1. Out of 131, 179, which single residue is within 24 Å of residue 72 (Cβ to Cβ), buried (at least 20 other Cβ atoms within 10 Å of the Cβ), within 16 Å of the ligand (Cβ to nearest atom) and at pLDDT below 95?
2. Please work out which residue is surrounded by the most Cβ atoms within 10 Å (Cβ to Cβ), limiting yourself to region 227-237 and to residues that are more than 14 Å from the ligand (Cβ to nearest atom) and free of Cβ contacts under 8 Å to residues at least 60 places away in the same chain.
3. Could you list, in sequence order, the residues of region 96-108 that are in contact with a helix residue (DSSP H, G or I) (Cβ under 7 Å, 6 or more places away or on another chain) and either more than 13 Å from the ligand (Cβ to nearest atom) or not in a helix (DSSP H, G or I) (or both)?
4. Pick out the one residue from 80, 39, 44 that is under 17 Å from the mean Cα position of the chain (by Cα) and outside any helix (DSSP H, G or I).
5. Quick test for you: out of 171, 253, pick the one residue that is at pLDDT 95 or above, assigned to a helix (DSSP H, G or I) and in contact with a strand residue (DSSP E or B) (Cβ under 9 Å, 6 or more places away or on another chain).
6. Which numbered condition in (1) closer than 20 Å to residue 256 by Cα; (2) in contact (Cβ under 8 Å) with a residue 24 or more places away in the chain is the only one that residue 47 fails?
7. Within region 68-87, how many residues are crowded, with 17+ Cβ neighbours inside 10 Å and either at pLDDT below 95 or more than 16 Å from the ligand (Cβ to nearest atom) (or both)?
8. Quick check on residue 240: is it closer than 19 Å to residue 105 by Cβ and within 16 Å of the ligand (Cβ to nearest atom)?
Ligand code: 13P
């Protein structure tokens with residue numbers, strides 16, 4: 001099955017809504033050849049909650065092909081949960097995607113696999129595609145346990161998720177040691193774990209479902225490294241942090257095919 005690559009930019013805690021609007025406009029202009037730039041690749045950005053309404057307005061008014069979503073979602077439907085943002089609120093803002101279980105959420109907000117599973121469910125309950133983030137820290141990588149560690153996170157995040165939802169999930173393999181460090185995983189490192197994730201999906205569900213699920217790589221992705229990563233059979237896109245804040249650089253990443261020539 002041909003999987004449509006997904007290049008998603010996680011803006012993290014950066015850009016106010018005016019800067020976000022400007023950045024989306026610039027990105028859309030750089031990728032203005034919609035027939036060419038969006039024919040076989042989905043491009044998405046994940047701004048702060050405070051920018052979502054502005055981004056929605058811009059994307060709708062100018063019919064931009066850029067997709068967007070949030071960086072987090074509440075596991076709760078509504079109620080006394082101060083500071084939380086519900087899936088229904090994100091859906092009203094037209095979010096296509098939401099990142100779930102990013103390592104920064106796991107690390108700084110103590111999100112467990114159970115919480116990640118609840119948020120994955122909350123996303124699907126509201127028609128939003130969760131980008132489930134998994135990946136090992138440096139100590140685990142040094143011990144050579146990256147595959148088993150990451151697969152346990154996949155098991156946790158997808159616990160109880162029926163096949164008719166799992167077929168649409170996106171999984172992002174983001175080794176923590178590669179995030180924001182400039183130390184991108186080698187294509188072989190990325191392939192090892194992304195391939196293992198697909199293998200686990202085949203075990204949890206079936207081979208056909210696993211074949212259709214997009215598995216992304218994230219961690220210091222740049223335009224100079226994307227083509228080699230995308231050449232791996234089980235890497236279906238990228239979750240880009242720092243480099244997605246620069247529209248020129250992010251557009252080059254989205255156009256990875258242009259620099260795959262000569263690999
Ligand atoms: P960097 O691309 O800045 O390393 O961040 C990766 C990431 O965490 C995306 O979610």
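1. Exactly one of 131, 179 is within 24 Å of residue 72 (Cβ to Cβ), buried (at least 20 other Cβ atoms within 10 Å of the Cβ), within 16 Å of the ligand (Cβ to nearest atom) and at pLDDT below 95, namely 179.
2. Selected residue: 235.
3. Within region 96-108, 98, 100, 101 qualify.
4. One residue alone meets the criteria, 44.
5. Exactly one residue qualifies, and that residue is 253.
6. Condition (1) is where residue 47 drops out.
7. The total comes to 5.
8. When the stated conditions are applied, residue 240 passes them.
The values are calculated or read from the model by the stated rules, or taken from the named source; none is laboratory data. All values derive from a computational prediction rather than experimental measurement. Methodologically, a virtual Cβ is constructed for each residue, glycine included, from the backbone with ideal geometry; neighbour enumeration extends over all protein chains shown.
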